[in-house]
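For reference, the structure discussed in these notes is given below.
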Amino acid sequence: MDITWYLVLSALLFAVGVSGVLLRRSPLVILLCLELMLNAGNLALLAFSRSLGNQDGQVFALIVMVIAACEVVVGLGIIVAAYRRRIPLNVDDLRSLRG
Amino acid sequence: MTQVCFFLGAIGCLGGAIAVIALRNPFYSVLALIVHLISLAGLFLLLQGEFLAAAQIVVYAGAVMVLYVFVAAYVGNVDEPLWEPIPGQRFIAPVLGLALFVELAIAITGSGLEAIDTRGPTVELGFGSPSAIGKLLLERFLIAFEAASLLLLVAAVGAVVLAGRHPSPSPGTPDDARGRDSATREGLEEVPG
C-alpha cells in the first residue's frame with residue numbers, strides 16, 4: 001500500500017475527531033475526541049517514518065502517546081472534581097475557571 | 001494481503017471513530033474507542049512499528065481506557081441537553097469536519113513529496129523493534145525521554161491534587177464557599193471589637 005493511503009486515512013480520522021469536538025458537549029466525550037486526533041497524528045508520524053526509512057518518527061509517536069496519557073489523567077481529574085462539586089458536566093456551562 | 005489488512009484496519013479505525021462521536025452514552029463511546037485503538041495498532045504493524053503497536057495496545061487500550069471506563073461509570077450517564085447555544089451546530093460541525101478533510105486530502109495528494117507515492121524504502125530487519133526504539137530513546141532522545149518521565153510524574157501528582165478527596169472544609173457548592181467566606185470575614189471583624 002502506498003504511504004498516501006495512510007496519510008489520507010489519518011486526515012479522515014483527524015477530521016472525525018474535530019467534528020466530535022465541535023458536535024458533542026460532554027467533556028468526557030470531548031476528551032475521547034482529542035484522543036482520536038492525537039492518534040490520527042500518530043498514524044501520520046508512523047507513515048512518514050516508514051516512507052523515509054527513519055525510526056525517529058516512531059520515537060516522536062511514542063512521546064505523543066505519553067503526552068496523551070498525561071492529558072487524559074489531568075482532564076479526567078478535572079471532570080471528577082467538577083462532578084464532586086455538583087457542577088453540571090456540560091462544556092457550555094463550564095466557562096469560568098473559578099469553581 | 002497487505003491491501004486486505006489495510007482496509008480491514010481502516011474500516012475498524014473509521015467505524016470506531018465515528019461510533020465514538022455518534023453514540024450518546026459515554027460508556028459505549030469509550031468501548032468504541034477501544035475498537036478504534038486496536039485497529040490502529042494493526043495499521044501500526046503494517047507500517048513496521050512493532051513496539052508502538054504493542055505499546056498502543058498495552059498502554060492505550062489497556063491502561064488509559066480502564067481509567068476512562070472508571071470515570072464514565074463514576075460520573076454516570078450525563079445526558080446532553082438538546083438545546084443548542086449555536087443554532088444549527090448539529091449540521092455545521094460535520095460540514096466543517098468534512099471541509100477540513102477535503103483540505104487535508106488536497107494538501108496530501110497535491111504535495112510534491114515523492115516518497116509518499118511509494119511503499120517506502122526497504123528497511124533492515126529490526127526496524128521499529130523494541131531494541132531499536134529503546135536504543136534511540138536512551139541515546140539520541142535521552143532528554144525527551146527524561147522530560148516525558150518528569151511530565152508523567154507531574155501529571156500524576158496533579159491528578160491526585162485535583163480529584164483527591166479534600167479534608168475539612170469539605171468542598172461544597174459555590175454557595176457554601178461564599179457562606180464560609182462571609183463567616184470568616186465576620187469573624188475577623190469581631191476580633192478588633
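About its Cα centre, chain A has a charge dipole of approximately 560 debye under the convention of +1 per Lys or Arg Cβ and -1 per Asp or Glu Cβ, with nothing else charged. Per-residue ellipticity at 222 nm computed for chain A from its helices equals -27000 deg cm²/dmol, with DSSP H segments shorter than 4 residues left out and the rest contributing -39,500 (n - 2.57).
When the charge dipole of chain A is built from unit charges on Cβ atoms (+1 for Lys and Arg, -1 for Asp and Glu) and taken about the Cα centre, the candidate among A:Ser19, A:Leu94, A:Val66 whose Cα reaches farthest toward its positive end is A:Leu94.
Dipole orientation for the protein assembly as shown: of the candidates B:Phe7, A:Gln55, B:Ile86, B:Ile86 has the Cα lying most toward the positive pole (charges on Cβ; Lys, Arg +1; Asp, Glu -1). The loop-placed GluC sites (Glu not before Pro) in segment B:65-166, going by DSSP, that have at most 12 neighbouring Cβ atoms within 10 Å of their Cβ come out as B:Glu114, B:Glu124. Overall, the protein assembly as shown carries a charge dipole of about 400 debye about its Cα centre when +1 sits on the Cβ of Lys and Arg and -1 on the Cβ of Asp and Glu, all other atoms neutral. Annotation: peptides A:28-36, A:53-61, ranked by per-residue average of other Cβ atoms within 10 Å with the highest first, follow the order A:28-36, A:53-61. For chain A, the longest principal axis of the C-alpha atoms and the axis of helix A:3-23 are separated by about 10°. With the charge dipole of the protein assembly as shown set up from +1 on Lys and Arg Cβ and -1 on Asp and Glu Cβ about the Cα centre, the Cα lying farthest toward the positive end among the listed residues B:Ala148, B:Ala17, A:Trp5 is that of B:Ala17. Placing +1 on each Lys and Arg Cβ and -1 on each Asp and Glu Cβ, with no other charges, gives segment A:52-99 a dipole about its Cα centre of roughly 420 debye. Scoring B:22-35, B:62-75, A:84-97 by mean Cβ neighbours within 10 Å over their residues and listing the highest first yields B:22-35, B:62-75, A:84-97. For chain A, the relative contact order comes to 28 percent (Cα pairs under 8 Å, sequence separation of at least 6).
Throughout, read-outs are computed from the coordinates displayed, never taken from laboratory work. Owing to the predicted nature of the structure, the values given are computational and were not obtained by experimental measurement. Glycine gets a Cβ as well: all are built from the backbone with ideal geometry, and neighbour counts include every protein chain shown.
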